[in-house]
1. Just to verify a result, which residue in the range 165-187, among those that are open to solvent by 40 Å² or more (accessible area, probe 1.4 Å) and charged (D, E, K, R), is nearest to the ligand (Cβ to nearest atom)?
2. For the range 237-255, what are the residues that are farther than 15 Å from Thr2 by Cβ and small (Gly, Ala, Ser)?
3. For the range 377-393, enumerate the residues that are surrounded by 20 or more Cβ atoms within 10 Å (Cβ to Cβ) and in contact with a Gly (Cβ under 8 Å, 6 or more places away or on another chain).
4. Just to verify a result, which residue in the range 423-448, among those that are of a type in the set (A, V, I, L, M) and either farther than 17 Å from Val468 by Cα or not in a helix (DSSP H, G or I) (or both), is most open to solvent (accessible area, probe 1.4 Å)?
5. So for the range 53-71 (the condition being of a type in the set (Ser, Thr, Tyr), touching a residue at least 60 places away in the same chain (Cβ under 8 Å), under 13 Å from Val281 (Cβ atoms) and crowded, with 20+ Cβ neighbours inside 10 Å), does at least one residue qualify?
6. What's the total number of residues in the range 30-42 that are within 20 Å of His202 (Cβ to Cβ) and either among the basic types (Lys, Arg) or within 11 Å of the ligand (Cβ to nearest atom) (or both)?
7. In the range 374-422, how many residues are of a type in the set (Lys, Arg), in a helix (DSSP H, G or I) and in contact (Cβ under 8 Å) with a residue 12 or more places away in the chain?
8. Is at least one residue of the range 341-349 open to solvent by 60 Å² or more (accessible area, probe 1.4 Å) and touching a residue at least 12 places away in the same chain (Cβ under 8 Å)?
Amino acid sequence: MTRIRFAPSPTGFLHVGGLRTALYCELFARKNNGRLILRIEDTDRTRLVDGGVENIIRTLEWAGIKPDEGPYVDDKGQLKQRGDYGPYIQSERLDIYKKYIDQLLENGKAYRCYCTPERLEEMRDHQKSEGTQTMYDRRCRNLDYEICKKLEDEGRPFVVRLAMPTEGVTVWDDLIRGHIEISNDQIDDQVLLKSDGFPTYHLAVVVDDHLMGITHVIRGEEWCPSTPKHVVLYEAFGWEQPKFAHLPLLLNRDRSKLSKRQGDVAVEDYRDKGYLSEALVNFVALLGWNPNGDREIYDRQELVDSFDLSKINRGGAVFDLEKLNWMNGEYIKKLSDEELVDLVKPFFEKVGLGTDQEIIAKAALLERSRAKTLSEIPAALLFIFVDPEVDPDLLPWKKSTPEIAKDRLVGLREYILGLDSKIFDSQELIEMELLGFITKMGWTNAETLWPMRVALTGLSVSPGPFEVAWVLGQKVTIQRLESAIVKL
Ligand code: GLU
């Protein structure tokens, strides 16, 4: 059975690169009728953030990624775990790691290192000044048994290091990057157990991937330099190694590594700005892979059906915000009216415009074809909620005069005053009535509808006058026409 894990560290937020990894893990698991496991890697106690685990779980849920095993938050908001291979949080597995460390020590595959931080720093400074590679000089690797015993009796702090083979090469066949060979003399004697008794990532990841029956490790390219250490550990334990697949880096448009300085990197920032989860997932899915040439919009099932690790590019993938904006706009257009209104309401509330549900529902529909994000919708519709400050110079159409503008607005006001209020139930009826009236009067549309639209919105660019009048309703429409008339 194919078993895939997504193994984030709960450092506060889920990076968009992490979302892509999680998504590819899920696509691969579903494609192969396998299982997706969520494992929390929290052995680096210095990087922990309160609520980090819950945040990851909620973000994955928002993105529609559903692990079959691992931690989850139940209906009461409690953190629980499910699955037969738990616990799935590494800090709850310390005894397990201890057992495997002892095994490595007994077999001579690892050793205790008593070097102090000061000594290690001195050693590194010296290596730097000599221009040689900075790595542990293995001073403790062949310590005499008696000396070890003495240091232990003194209670001296120690770490446990992996005894890397000093010759030969370590190899693996990466499902994306192909055959990789690293010369062992380039690889440090990695710390496996820290002096605080916590394992390092390297030990914990190998022990857990093995015990949890992981068949494929799909993770970002930044973990590639760690993989030879893992391969050596698998060999030291005599375990079969999983297949590895390292995903290409995410890049800014200038091809530097995707960084906070050039834009948002946290999935929650995108959610808070009003990107739809389906759009972000579709976009992220195409960072480094496209199932079908130029096509851009895929639903989840299509992504699952066409997912193929061997088709993932090796080169870095550019995170193109413009493309994401376009895609999000396409997804906003596809929402039903009800879905749009439900999704956009919190964004109105956030900017303090959340009171009149009926207006919000109507207003949201005005901007749906233009909006790239949900948060843009209330921002673009402020004029609906707050009477606009109308610039009198903007009222006449460009080939017309203030007198004509005034005349048309007065005429419209009178006409609208006399309309049956039912007309305002429908944009189409308003349009039909007003166009009929303009024709009857022998006016031009531009000279009449431009000042009407500006009177209602105060803007040179906005949704059209009929739709705005529909949202505002008959009474406010008349009030705004009156306010504009007195300015002319
Ligand atoms: N805990 C690592 C991270 O934070 C996971 C690396 C791996 O997948 O092996 O991304």
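1. Arg177
2. Matches in the range 237-255: Gly238 only.
3. Ile377, Phe383, Val390, listed by residue number.
4. The extreme case among them is Met441.
5. Yes, the range 53-71 contains a residue that is of a type in the set (Ser, Thr, Tyr), touching a residue at least 60 places away in the same chain (Cβ under 8 Å), under 13 Å from Val281 (Cβ atoms) and crowded, with 20+ Cβ neighbours inside 10 Å.
6. The number of residues fulfilling the criteria is 4.
7. 3
8. yes
The values are calculated or read from the model by the stated rules, or taken from the named source; none is laboratory data. All of these numbers come straight from a predicted model, not from anything done at the bench. Cβ: placed from backbone, ideal geometry, glycine included. Neighbour counts: every protein chain shown. Just the protein is used for accessible areas: all its heavy atoms, side chains included, with ligands, DNA and RNA removed. Shrake-Rupley method; radii C 1.70, N 1.55, O 1.52, S 1.80 Å.
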